[in-house]
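Bear in mind that the values in this text are calculations on the coordinates, not laboratory data. What you see is a predicted model; the values in this text were computed from it and never measured. Don't worry about glycine lacking a Cβ; one is built from the backbone with ideal geometry, like all the others, and counts go over all protein chains shown.
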Amino acid sequence: MEDAPGWFSRAGHGEGGTPHLPLRIHLRGLFIELYIQLRLQNSDLRIVGFRNTFENWQAPPEAYVHHVRDWVAPPGIRRTEVLPFGGGRFDLEAAADVRRSGISLGRRPLSDAVVWLHRNRDPKCTAHGILVLSEMLCEAARYPALADAMSRIWMTGGRLSADAGVA
């Protein structure tokens, strides 16, 4: 994974000037770019959109930025598609039909999440993929105890224990 330009650049601001971070993921020949929103008022990070890219990180002309319905794509992105769910935790859990505490995390679940987003065929799988990536990237970045707990299950995969250190 590598970060892309735009963290606090003009191009990196969505509706209302909310900063976002494009994060590029290359996994088993699949290339996707996630859009992670930074909400400064509550120090929150959340995945609000994604798109498929080529190996050189350029988006094909027909590529859409698929985004949650409660977010507007940043200026300069011509083709967008609204997903049938919001980007909040409860919206994602409802769309994926799974509670956050019930998802498996680790190397394999991360791979599956990237594949589900790349394919984007089933809204339930797409929401589940965003939920997994949100936990493994956004929440782990906010909570060191959670990142530590995830590192212990990285290879084997599994659910986090209730005492992982996050409310």
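Summed over segment 35-76, residues that are out of contact with any His (no Cβ under 7 Å at 6 or more places or on another chain), hydrophobic (A, V, I, L, M, F, W, C) and under 20 Å from Phe90 (Cβ atoms) total 4.
When His66 is tested against (1) in contact (Cβ under 8 Å) with a residue 40 or more places away in the chain; (2) farther than 18 Å from His20 by Cβ, only condition (2) is not met.
Number of residues in segment 69-88 that are in contact (Cβ under 8 Å) with a residue 40 or more places away in the chain and either acidic (Asp, Glu) or farther than 15 Å from Pro22 by Cα (or both): the value is 4.
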